[in-house]
Amino acid sequence: MFKPFRNFFVHIATILFASGLFVSAAADNNGQYIRVSDYLAAHPEQRQKMQAFSKIVREAASPLDKTNEKPIKIAIIYPAEQSSDYWRRSVSTLEKRLSELNVSYEINSYFSRPTVDISLQSEQLNSAIAWEPDYLIYTLDALRHQAMIERILLRGKPKLILQNITTPLQQWQQLKPFLYTGFDHEKGTQLLADQMLEQHSKGKYSMLYFSRGYVSKMRGDTFTQQAVNNPDIKLVSSYYTKGNSEIAYKATLATLKKTPDLNMIFACSTDIALGALKALDENNLNDQVTLNGWGGGDREIEALLEGKLDLTVMRMNDDSSVAMAEAIKMDISGQSSSVPHIYSGDIVLLSKNTDKDEIEQLKKRAFRYSSHGQ
């Protein structure tokens with residue numbers, strides 16, 4: 001970490017921890033994420049801002065009358081080295097929308113693998129900060145990410161955009177990120193759970209978590225909490241897969257060996273679903289075991305259309321990055337007060353029985369910017 005940043009963090013952290021404005025990132029995770037509905041109940045003024053902002057995101061770009069003279073600098077740190085195309089599409093979409101908005105910009109992108117590259121992400125963060133960007137786009141999953149992000153919030157710059165998280169953190173009530181943007185993991189999982197638990201009113205299932213952290217909590221735990229309401233549904237195994245397809249594959253094989261009458265697997269991400277699918281294919285159990293995806297990217301849609309994946313939730317993918325571009329435009333044009341704290345995009349439930357033409361129309365909407373040249 002370069003010295004000015006480290007010294008600033010130590011000095012300000014001492015003040016804020018002493019005053020109680022900040023809670024340690026090492027604190028217990030339970031209850032620290034605020035659901036969107038609860039956040040709006042506590043901040044009713046945000047509802048109208050969110051609705052107006054969502055309308056802007058869905059519409060065609062309305063460019064600035066005059067481009068900004070000095071290009072804004074945007075640093076992006078993403079766990080993009082995975083099968084899910086969400087992250088790379090995000091960068092492509094942001095660039096295209098900013099250009100349409102007549103915003104002059106420079107972007108530095110840093111990619112890594114989820115979960116296993118935490119140290120690399122720390123190095124990337126240091127490099128990004130040294131570049132002195134105006135905006136930093138980052139994500140949140142592992143507990144260690146919180147400590148990194150707190151340094152940015154304490155420093156006050158660059159302005160922080162958190163991608164793929166729509167549930168504000170309790171301990172960041174006083175020092176808020178500029179924007180939380182993404183798709184509600186809990187809402188998407190509830191759509192999946194309603195369908196899967198209706199199909200299997202009794203039986204045995206396996207939970208394939210991501211890593212210990214935000215995604216597993218908001219997706220995996222949401223499903224298990226809903227399943228526990230049915231005493232005839234039994235959880236027979238659960239694994240933290242680190243979002244790794246091969247680990248998910250081996251975990252599924254182990255579960256099938258132990259529980260040959262398994263009839264449902266909940267997968268917390270695309271890579272996990274593809275690993276589980278490989279194990280089901282090898283054992284000819286696709287018809288016996290219901291398997292979901294999460295996100296609705298190209299590889300999931302392909303498996304869905306082949307009838308191998310049973311269902312998924314499809315994010316209107318590009319809207320999350322359009323929201324970032326629009327928030328930046330508002331900020332540089334003196335309208336930052338109109339930017340909501342949260343942007344939560346639309347999610348649609350798909351199954352292998354969904355009409356192909358309907359899926360194609362949803363793909364056009366979801367990938368309106370990123371369908372070419374990712």
Seminar exercise, completed: Of all DSSP beta bridges having both residues in the chain, the percent classed as antiparallel (nearest 5) is 15 percent
Exercise. How many nm is it between the label spots at Ser122 and Asp38, if each spot is 7 Å from the Cα in line with the beta carbon?
Worked result: 3.0 nm
Exercise. How many percent of all Cα-Cα pairs in the range 319-374 sit more than 16 Å apart?
Worked result: 57 percent
Exercise. In nm, what is the difference between 0.36 nm times the number of residues separating Ser336 and Leu64 and their Cα-Cα distance?
Worked result: 96.5 nm
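Given R₀ = 30 Å, what would the calculated FRET efficiency be for Gln225 paired with Asn284, taking r from the Cβ atoms and rounding to 0.05?
On the way: r = 32 Å, r/R0 = 1.07.
Here the calculated transfer efficiency is 0.40.
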Problem set entry | Simple label model, 7 Å out from Cα along Cβ direction - Asn102 to Gln171, nm | 4.4 nm
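Of the listed pairs Lys187/Lys234; Lys159/Lys242; Lys55/Lys242; Lys250/Lys356; Lys258/Lys308, which have alpha-carbon separations greater than 26 Å here? Please report the intermediate quantities before stating the final value.
Working: Lys187/Lys234 23 Å; Lys159/Lys242 29 Å; Lys55/Lys242 36 Å; Lys250/Lys356 32 Å; Lys258/Lys308 22 Å.
Pairs exceeding the cut-off: Lys159/Lys242; Lys55/Lys242; Lys250/Lys356.
Calculate, in nm to one decimal, what Asp194 and Lys250 gain on full extension: separation in residues at 0.36 nm each, minus their alpha carbon distance. Provide the component values of the computation, followed by the final result.
Numbers: separation 56, 0.36 × 56 = 20.16 nm, distance 2.73 nm.
Stretched fully, the Asp194-Lys250 segment lengthens by 17.4 nm.
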For this session: Between Pro177, Pro63, Pro231, find the one with the highest GNM mean-square fluctuation for the chain; connect C-alpha pairs within less than 10 Å.
Result: Pro231
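Rounded to a whole number, what is D in µm²/s for the chain from Stokes-Einstein with the Kirkwood radius over alpha-carbon pairs (37 °C, 0.692 mPa s)? Working shown, then result.
On the way: Rh = 21.5 Å.
Approximately 153 µm²/s, per Stokes-Einstein.
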Problem set entry | Exposure proxy order (Cβ contacts within 10 Å, fewest to most) of Val228, Val322, Val289 | Val228, Val289, Val322
Exercise. Which of Asn244, Asn292, Asn230 moves most in a GNM of the chain, Cα contacts under 10 Å?
Worked result: Asn230
Exercise. With the chain treated as a Gaussian network of Cα nodes joined by springs under 10 Å, which of Gly220, Gly345, Gly334 yields the largest mean-square fluctuation?
Worked result: Gly334
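Give me the extension gain from Lys157 to Glu132: residue separation times 0.36 nm, minus the current Cα-Cα distance, reported in nm with one decimal. Write down the numbers at each step before the final one.
Details: separation 25, 0.36 × 25 = 9.00 nm, distance 0.87 nm.
Extra length available between Lys157 and Glu132 comes to 8.1 nm.
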For this session: Go ahead and run the numbers for FRET between Lys257 and Lys202, Cβ-Cβ distance against an R0 of 25 Å, rounding to 0.05.
Result: 0.70
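Magnitude of the Cβ-charge dipole of the range 186-294, K/R +1 and D/E -1, about the Cα centre, nearest 20 debye? Let's see the in-between values first.
Details: 12 positive and 11 negative charges, 80 e Å.
Dipole size: approximately 380 debye.
Round to the nearest 0.05 the FRET efficiency obtained for Glu45 and Glu360 when R0 = 41 Å and r is the Cβ-Cβ distance. Don't jump to the answer; show the numbers that get you there.
Numbers: r = 39 Å, r/R0 = 0.96.
Given R0 = 41 Å and the Cβ-Cβ separation, E is 0.55.
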Problem set entry | Proximal aspartates and glutamates to Lys217, defined as alpha-carbon separation beneath 19 angstrom and excluding residues fewer than eight positions away on the same chain | Asp28, Asp38, Asp141, Asp184, Glu186, Asp194, Asp271
Problem set entry | Ranked list, fewest to most other Cβ atoms within 10 Å of each Cβ, for Asp355, Asp85, Asp346 | Asp355, Asp346, Asp85
Exercise. How big is Rg to Rh over the range 186-294, alpha-carbon atoms, Rh as the Kirkwood inverse-mean-distance radius?
Worked result: 0.92
Seminar exercise, completed: In whole angstrom, largest first, the equivalent ellipsoid semi-axes that the Cα gyration tensor gives for the range 171-214 are 32, 14, 8
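No value in this document is a laboratory result; all are computed from the given coordinates. All values reported here derive from a predicted model rather than from experimental measurement. For neighbour counting, all protein chains shown are included, and Cβ atoms are generated from backbone atoms with ideal geometry for every residue, glycine included.
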